[in-house]
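Structure first, commentary second.
The values are calculated or read from the model by the stated rules, or taken from the named source; none is laboratory data. Everything numeric here is computed off the predicted structure, so don't read it as measured data. Cβ: placed from backbone, ideal geometry, glycine included. Neighbour counts: every protein chain shown. Please note that ligands, DNA and RNA were not included when accessible areas were found on the heavy atoms of the full protein model with its side chains. Shrake-Rupley method; radii C 1.70, N 1.55, O 1.52, S 1.80 Å.
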Amino acid sequence: MTPTPTVDLTDLDMWARGVPYEQFARLRSEAPVAWSEEPDGGPGFWSVLRYDDIVAASRDTKTFSSSRGISFEDPTDEDMAARRTIIDTDPPAHTKLRKILSGSFTQRAVAVYQHFVEGLTEQVLDTGLVDGPFDFVDAIAKEVPIRVLAEIMGLPTDDLPLFIDLGDRLIANTDPAVTDVVWGRDDTDAYRLFPFRSPYGKQLWDLGRTVIRDRLAAPGNDLLSALLRAEVDGERLTERDLDNFFSIMVIAGNETTRIAIAQGVLAFCEKPAQWDRLRADPSLLDSATEEVLRWTCPTHFMRRTASADIDVAGARIRAGDKVVLWYVSGNRDYAEFEDPDVFDIARSPNRHLSFGRGGPHLCLGAHLARLEIRIVLAALAKRVASFELAGPPQRIRSNFTNGLRQLPVMIRPA
Ligand code: HEM
């Protein structure tokens, strides 16, 4: 018999209260590949919950395709053709797209931004760290990633608040506190050809087109100029390809890193001994960065679609089935991690799944995100003796992102 989870993983109000870690732990032992119906009439989906099975599925792109999108949504062929980005392209086409940018995101390549990120972080902390309670998301976490992205892509700094706002409305498209066009609640058919099936996806494309037009007139050394020069099989990228590349970079590069930073600080609020430990021993910065990533898992899952029948952990997945790889569950799997429910900034090894693992879609920006998180932690460790919650954190109502809308904190300066 097909195992069914006792928890409804599509219940977004549950996710708004917290990540269902205990339910995930039970599923990993009782129903590691479990079938769920979708309450909104969708076709239903498999949940892959164990670490090893997630890595194996990520690796096997022939059986587990990304071409039907990576979210719960079930777009038509026409929708997909309009909005396909690198992340929902399978090899071999994916390999060619990835080659355009991969050289710009190696560890060595992103190291050139170190001084920029350090300077930027100091500026943000100068204004953001104040006496009395303040919202850490608004004052600090949201400021750093978007400004780094602006530097790398050559985005106009005047437009950054708009980029942040549009990105939020897209990633958090299931939270009525963030957007007035809510996926799953509102009729979004009119926007099905735009990113996230949202009018804000269209706005992001429009903004991108303006930036692209200016860049074509005055190309530089930034990433966007590289995209404009790029050729795949002797052809330049189409206007639509550029729209989609632009939007995935803005969306993938901004919100995720913000979540890691904000949720990381929340972890240090709740586990002050780990903050003391980091401050006492800066050689732990690298391992602390990895542990923050494992612990916070900014992107809870990626979806795949089976292109052939396959048995996984005793479950028979059929061609065409929707398959959700729950990284947030794999990151707490006892089979891979010792004491996975302990936040341990010296953890080693730490082969977490927060950037994906084993497959060709492994986060393109992983080294950049690590650099940013590490620099922000290092700068905070110098200035902040301790963090304290100044109110309840407000989670985004989403099963996709582990985002915080607000993180009210107080600090004791070092
Ligand atoms: C903490 C921060 C971040 C997290 C947790 C994160 C997470 C992820 C995950 C889970 C994937 C999919 C992996 C898979 O399917 O195997 C991904 C892909 C991607 N990420 Fe990130 N990401 C982060 C930061 C960034 C940054 C800073 C950028 C760019 C500036 C970026 C750009 C991308 C792109 C372009 C892809 C698609 C890659 C492909 O399909 O080949 N990400 N990311």
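What the table shows:
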quantity	calculated
Cα-based equivalent ellipsoid, segment 1-64: semi-axes from gyration tensor eigenvalues, Å	20, 15, 12
Pairwise label distance in nanometres, residue 4 with residue 118, each label 7 Å out on the Cα-Cβ vector	5.8
Whole-Å distance, taken between Cα centres, linking segment 212-226 and segment 23-99	33
Which of 131, 333, 214 is most accessible, then next, and so on - probe 1.4 Å	131, 214, 333
Span-rule helices in the chain, defined as complete DSSP H runs reaching 30 Å or more along the axis (Cα) with Kyte mean at least -1.0	239-270
Accessible-area composition of segment 12-154, carbon plus sulfur, in percent [1.4 Å probe]	50
Principal axis dimensions, the chain - Cα atoms, whole angstrom, descending	57, 57, 39
The chain, accessible area per residue, ligands and nucleic acids excluded (1.4 Å, Å²)	43
Gain upon complete extension [residue 239, residue 130; 0.36 nm per residue less C-alpha separation]	34.8 nm
Largest-first principal axis extents, alpha carbons of segment 299-414, Å	58, 32, 28
With every protein chain in place, segment 233-313: carbon and sulfur % of accessible area (1.4 Å)	49
Largest-first ellipsoid semi-axes for segment 97-180, taking √(5λ) over the Cα gyration tensor eigenvalues, angstrom	25, 21, 11
Residues residue 165 and residue 348, FRET efficiency given R0 of 30 Å [Cβ-Cβ distance, rounded to 0.05]	0.15
Loop chymotrypsin sites (Phe, Trp or Tyr not before Pro), segment 156-235, which have at most 16 other Cβ atoms in a 10 Å radius of their Cβ (DSSP)	none
Size of segment 214-299 as Cα extents on the principal axes (Å, biggest first)	55, 25, 23
Value at 222 nm in deg cm²/dmol, rounded to 500, when DSSP H runs of n ≥ 4 in the chain each add -39,500 (n - 2.57)	-14000 deg cm²/dmol
Computed lengthening from residue 99 to residue 318, 0.36 nm per intervening residue step minus Cα-Cα distance	75.6 nm
Kirkwood-based shape ratio for segment 27-169, expressed as Rg/Rh from alpha carbons	1.05
Sum of side-chain charges, residue 148 neighbourhood, beta-carbon under 14 Å (Lys, Arg +1; Asp, Glu -1)	-2
Global geometry of segment 107-243, whether rounded, prolate or oblate, following the gyration tensor of its Cα atoms and the 1.5 cut on a/c	oblate
Cα centroid of segment 170-206 to Cα centroid of segment 104-134, whole Å	30
Modelled FRET efficiency - R0 41 Å, residue 190 with residue 281, Cβ distances, 0.05 increments	0.15
Calculated P(r) of segment 159-308 - Cα pairs past 24 Å, %	51
Residue list for segment 352-377, given a label point 7 angstrom along the Cα-to-Cβ vector of residue 106 and an amide N cut-off under 14 Å	367
Reachable lysines, given that their alpha-carbon falls under 23 Å from the alpha-carbon of residue 96 and they are not under 8 places away in the same chain	62
Pairwise centroid distance, computed over Cα atoms, of segment 241-281 with segment 293-372, Å	17
Subset of 142/271; 142/322; 202/382; 99/271; 142/202 violating a 30 Å alpha-carbon distance limit	142/322; 202/382; 99/271
Percent breakdown of C-alpha pair distances by 5 Å bin, ordered from the shortest bin, for segment 174-259	3, 13, 20, 21, 18, 12, 8, 5, 1, 0
